[in-house]
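Let me begin by presenting the structure, written as structure tokens, before commenting on it.
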Amino acid sequence: MQKIYEAELSFLEACLKVNPKSYGSWHHRGWVSARLPRPDWARELSLCDRCLSLDDRNFHCWDYRRMVVKVSGVPVDQELEFSDRLIGSNFSNYSSWHYRSTLLPVLHPQTRQEPPHASSPRGPQSHRVCEEQLLKEYELVQNAFFTDPNDQSAWFYYRWLLGRAEREETISCVYVSREDERVAVAFSRPINARCVGLLLVLDGQPLRVEWRSVHPRFRHSPVLICDLPPGTINDVTNEHNLTVHWTGNHTHRDCALYTGRVESWCRDTATDQELFRSELSVEKTSVLQSELQSVKQLQELEPLNKWCLLTIILLMRALDPLGYEKETLAHFQTLKEVDSMRSEYYSDLCCKFMIENTILKMEYAEVRVFSITDRNLTSLCHLDQLLLVTHINLSSNRLQRLPPQFAMLQCLEVLEADNNFLENLEGVYHLPRLQEVSLKNNKISTLTDLQPLASCPELKRLDLRGNPVTQAASVESDLAELLPSVTDLLL
Amino acid sequence: MAAEDLPSEFDVVILGTGLAESVVAAACSRVGQRVLHLDRRSYYAANWASFTFNALLTWIQEQQEGPQPEQGKDWSSLLNDGEELIHLSNPDLDSITNIQVLSYASEEDEEVPDTAKEETSANSQLEAESTGSREEESAEAEEESAEAEATNTKGEEPEVDQSHPGASSGPSEPTRKKISYAQLLKEGRRFNIDLVSKLLFSRGSLVDLLIRSNVSRYTEFKNVTRILTYRHGNLQQVPCSRADVFASRQLSVVEKRKLMRFLTSCIEETEMDQAYSSQPYSKYLQDQQLGENLQHFLLHSIAMVTEDTPTEAGLASTRHFLRSLGRYGNSPFLFPVYGLGEIPQCFCRMSAVFGGIYCLRHSVSCLIVDKDANRCKAVIDSRGQRISCSHFVVEDGYLGSRSSVTTPTRLLSRAILITDSSVLPSDSEQQVSMVTIPPGEVCQSAVKMVELCSSTMTCMPGTYLVHLTCQSVGSAFEDLSQLVTKMFQTPESQEPGGRPSVLWSLYFNMADGSVPGVEGQGLPSNVHVCSGPEGSLDHEHSIKQAELIFQRILPDEEFCPPAPNPEDIIYDGESPTPSAEEDSVKEAGQQEESGGDLKEAGQQEESGGDLNPQLDQ
């Protein structure tokens, strides 16, 4: 048996010599090695090393090597040395950097101060690395990108180093509306209403309710809603206590609906959670600050390097998103110029950051009004953070649609989106409190486009001036039929 | 061979087996010329030769004894009408001067006195053996008194007041077992000590020629693993490749960026460069805002030029360096395993494969010149045979007085050291280091130093072979000993330190071959002169010279076209048998495997061989 397999191995060696990047050969080699009665793993490792010394980016070999290492139990520190060696000889190597990122958390795990109450369900292993080692890694990767700032693998690794923050899985907001007898819950990540164990307890009694996402287009949603049985909470003179349990995660959130109140909520704000900073890191500010300094130093030498600019933007956001807003926007402008092939990507990213900043500003001001006008917005995001918003103004941007996620704005009463390129209103769907919609100067051309509005029961006022649809023959009567609740129609 | 007479007619007679002569020999044989290649010496490669330790001692002695007086014979009986003679002289007459040997290794093995005696006896036995086995080497008489050798030499150099060697090298470092002089002699065959110290640029003309002509199959190379420079009394590694820059601990990240940017940008010419065309390179570097550290690296270690080299030349050598970088590894240089003396021999071998006839210890006494045509018609060899030829190629040393009278001799100062450790110890003991010592740092002129480890097969395990070269100001000892004292541990060293100890050293001056040749100075038009080694690090000079000579001899022929595999050659009347064909296919395959030495992808010199040893098991 051993002989047959060994013969097969040497045959495969011959094959790999001809084509070292053959999927089939490597896979078969793995199959044979796994069945070999007396495998010679040291030999397999040295074969891999030879192959990698010929082409250090041969990812087939990397895959095979990982398998060999796993089976033969090579110590992690040895593997880290191996990665050191490969990076030392040529650091333009995603595979080695990536390999590092899997080894470091095992070898130098972060010592956790807080009790491990919120162990993530995705894996028991923390993906963070202890600070001492992190600083070494920062130094290493800085050497790489200062040596060759156009090599992206180092930059990606750098981003991994900076952005290992894992958000705890929580219920970020519970909102209850007395009038609608409805509960809306926002989670830290999109979840599937059917698969996740959610329990609603009202005044100490578990309540059978049906959770659903805000829009039929997607099942996974960071915001789920449910209707309470009629008559449970509609008496204003009663006080109610609600608790939503996320049983899978052992987390819950309470919400009290006091006497005389028509609605109530309980939540962590984006500012509380430092939500948008975790995009990069929850690393100590001092570390980030010094990283920003060194990357800025590089930028002085290489003012047009896109990786450098992008990293500066990310670091600035991690440090102080509002304070650096102006500089961030300027850098985005440069980025779009130097890397015009990706200008749309940068636009979208910039939008995202603008929206994040606007959310932060709104929360600092403690209002429920979200206004972001004249900012060249091309897309919307973080809409789950806008669950409580009653007034939204998106005028004078470059939006083409209100996506299904828009339906997460469950408290929305007034929508202003004048002077955009809107032609799709899919997301204006079952918004129970929506009364006014202003869509002046958009690209709405057919009645079908307006169909979603019919699902909003309270819609009173609609401004469609400057849209192609107003040119249609019997538009007024058709609209009256489509939207019977609208009393104030401007065409 | 001795008794037989040589054929009396050749196309080309070549005297001297230095690099340029050997390349000409290979090139001429390759295109079907009948070549006779002679050398008066008992060894190949003239001043390009590599010697074992013992053979070097013989060579030293020969040099010091001076040439045997040659009785001027009268060859006029061999002359025909209208012919005259040009007498040639002894090549070694002037080329090597100021030899000085200093041995610091203890005579006996101090640490283990019990075995010392045994070793000595084994030693003499081995010497006897080597004497017997080596035909080429003349009787190694002095080896019997090898110990006396060093002392002898010293006696001849009275101007150096020097404590008695050996005695002075006290047990300063009792922890490390010292290598004794007896061991050096015993392991003498492990040394291949070059008279010249040069390296091959990976994209230099010699490497190109070796590949183009297939001569590369005869030898193997190692990458120089690091470039060092001596600055403010310290040795620093010069980061020159991307990986070096990345790994460097001396450079700040900003310096790294600046250096990388400069290196990548200087590959292309810009208008800016032209603006500096009349100014020195050092000024150009200054204006690049590189910082002192980087300027030093770029000027002295990468461009390897001086402060006043013009920008154009400086940039050209920087580019040459960068182009060579990464072809075979992390530095731009290659060094032939078994020493530089291999290279002329490889070309000789190629010439012999294509019919060239070789005789050592066989010289040409006179040229017979046709007075009217001013052409060399024939030569008279050292045995008095008249051999006619259409071209005569000669090492300039044989022309003796003719060259030294007309041009002031420029000399190179050389030092060869055997040391016990590396000048800059690192993780790996097997480092091949190229070290630049800028002018003014210790010596007046710029010194190039190459430190070879034992895996280059030029020195015994546990030792390093260090070559120092610079343009002479005084004698080699005057020029270089101060630097040696500073960088190494010798009895003269002031303060003790962890520096490598010198076990044995040799200083000598060699004529600088870059001095304009004696071409056209009353020599017949078909006599071509090759100069000896010059001081530069590369081989460009000799290769260019060989190509020029070849073109003068055979203006219409290709210079060193690829040689076929020996098995592919079909000799007259011999029909290729199927088995021969098979063989040649097999051979070609093997070539591919074993001849990976000079293939682009073969970056694994260090690990030895390529994928095959692993895969073939």
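The values are calculated or read from the model by the stated rules, or taken from the named source; none is laboratory data. Since the structure is predicted, the reported quantities are computational estimates derived from the model, not experimental observations. Ideal geometry is used to build each Cβ from the backbone, glycine not excepted, and the neighbour counts take in all protein chains shown. Side chains included, ligands, DNA and RNA excluded: accessible areas come from the protein's heavy atoms. Shrake-Rupley method; radii C 1.70, N 1.55, O 1.52, S 1.80 Å.
Just checking, which of B:220, B:269 is away from every other protein chain (no Cβ under 13 Å) and either surrounded by fewer than 17 Cβ atoms within 10 Å (Cβ to Cβ) or of a type in the set (A, V, I, L, M, F, W, C) (or both)?
Residue meeting the stated conditions: B:269.
Which residue is nearest to residue A:421 (Cα to Cα), if the candidates are limited to the stretch A:453-474 and must be open to solvent by 10 Å² or more (accessible area, probe 1.4 Å) and in a helix (DSSP H, G or I)?
So the residue we want is A:468.
Table: residues versus (1) within 30 Å of residue B:14 (Cβ to Cβ); (2) in contact with a strand residue (DSSP E or B) (Cβ under 8 Å, 6 or more places away or on another chain); (3) open to solvent by less than 40 Å² (accessible area, probe 1.4 Å).
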| site | (1), (2), (3) |
| --- | --- |
| B:305 | no, no, yes |
| B:309 | no, yes, yes |
| B:312 | no, no, no |
| B:317 | no, no, yes |
| B:322 | no, no, yes |
| B:332 | no, yes, yes |
| B:336 | yes, yes, yes |
| B:345 | yes, no, no |
| B:366 | yes, yes, yes |
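Take the conditions open to solvent by 30 Å² or more (accessible area, probe 1.4 Å) and assigned to a helix (DSSP H, G or I) and apply them to residue B:455. Does it pass?
Yes; evaluated as a whole, the condition is true for this residue.
Which one is modelled with the lowest pLDDT, of the residues in the stretch A:171-205 that are within 14 Å of residue A:266 (Cβ to Cβ) and of a type in the set (Gly, Ala, Ser)?
A:172
How many of the residues making up the stretch A:83-97 are touching a residue at least 24 places away in the same chain (Cβ under 8 Å) and not aliphatic (A, V, I, L, M)?
Of the residues in the stretch A:83-97, 9 are touching a residue at least 24 places away in the same chain (Cβ under 8 Å) and not aliphatic (A, V, I, L, M).
So, in the stretch A:288-329, of the ones that are of a type in the set (Asp, Glu) and under 21 Å from residue A:350 (Cα atoms), which residue ends up least open to solvent (accessible area, probe 1.4 Å)?
Per the stated criteria, the residue is A:325.
Checking residue A:132 against (1) in a helix (DSSP H, G or I); (2) at pLDDT 85 or above, which test does it fail?
(2)
Give the stretch A:219-256 a look and list any residue that's free of Cβ contacts under 8 Å to residues at least 24 places away in the same chain and open to solvent by less than 30 Å² (accessible area, probe 1.4 Å), or say none.
A:256
Return the residues of the stretch B:244-259 that are closer than 19 Å to residue B:227 by Cα, surrounded by fewer than 19 Cβ atoms within 10 Å (Cβ to Cβ) and either among the aliphatic types (A, V, I, L, M) or facing another protein chain (nearest Cβ under 7 Å) (or both); say none if nothing qualifies.
Of everything in the stretch B:244-259, nothing turns out to be closer than 19 Å to residue B:227 by Cα, surrounded by fewer than 19 Cβ atoms within 10 Å (Cβ to Cβ) and either among the aliphatic types (A, V, I, L, M) or facing another protein chain (nearest Cβ under 7 Å) (or both).
Answer yes or no: is there a residue in the stretch A:196-218 that is free of Cβ contacts under 8 Å to residues at least 60 places away in the same chain and under 19 Å from the mean Cα position of the chain (by Cα).
Yes, some residue in the stretch A:196-218 is free of Cβ contacts under 8 Å to residues at least 60 places away in the same chain and under 19 Å from the mean Cα position of the chain (by Cα).
For the subset of the stretch A:475-491 comprising residues that are open to solvent by less than 80 Å² (accessible area, probe 1.4 Å) and part of a loop (DSSP other than H, G, I, E, B), which member is farthest from residue A:432 (Cα to Cα)?
Among those residues, the one meeting the criterion is A:491.
Do any helices (runs of 4 or more DSSP H) lying entirely in the stretch A:301-407 carry at least 2 residues that are closer than 27 Å to residue A:422 by Cα and modelled with pLDDT of 90 or more, and which ones are they?
Here the list reads A:325-338, A:343-365.
Just the residues that are over 21 Å from residue B:295 (Cβ atoms) and open to solvent by less than 10 Å² (accessible area, probe 1.4 Å), please, taken from the stretch B:423-448.
Once the filter is applied, which keeps residues that are over 21 Å from residue B:295 (Cβ atoms) and open to solvent by less than 10 Å² (accessible area, probe 1.4 Å), the stretch B:423-448 yields B:432, B:433.
Evaluate the following for residue A:413: is it charged (D, E, K, R) and under 22 Å from the mean Cα position of the chain (by Cα)?
When the stated conditions are applied, residue A:413 does not pass them.
Just give me the residues in the stretch B:223-243 being of a type outside the set (S, T, N, Q) and within 14 Å of chain A (Cβ to nearest Cβ), in sequence order.
Selection gives B:226, B:239, B:240, B:242, B:243.
So which residues in the stretch A:18-59 are under 27 Å from residue A:91 (Cβ atoms) and of a type in the set (D, E, K, R)?
A:21, A:44, A:49, A:50, A:55, A:56, A:57, listed by residue number.
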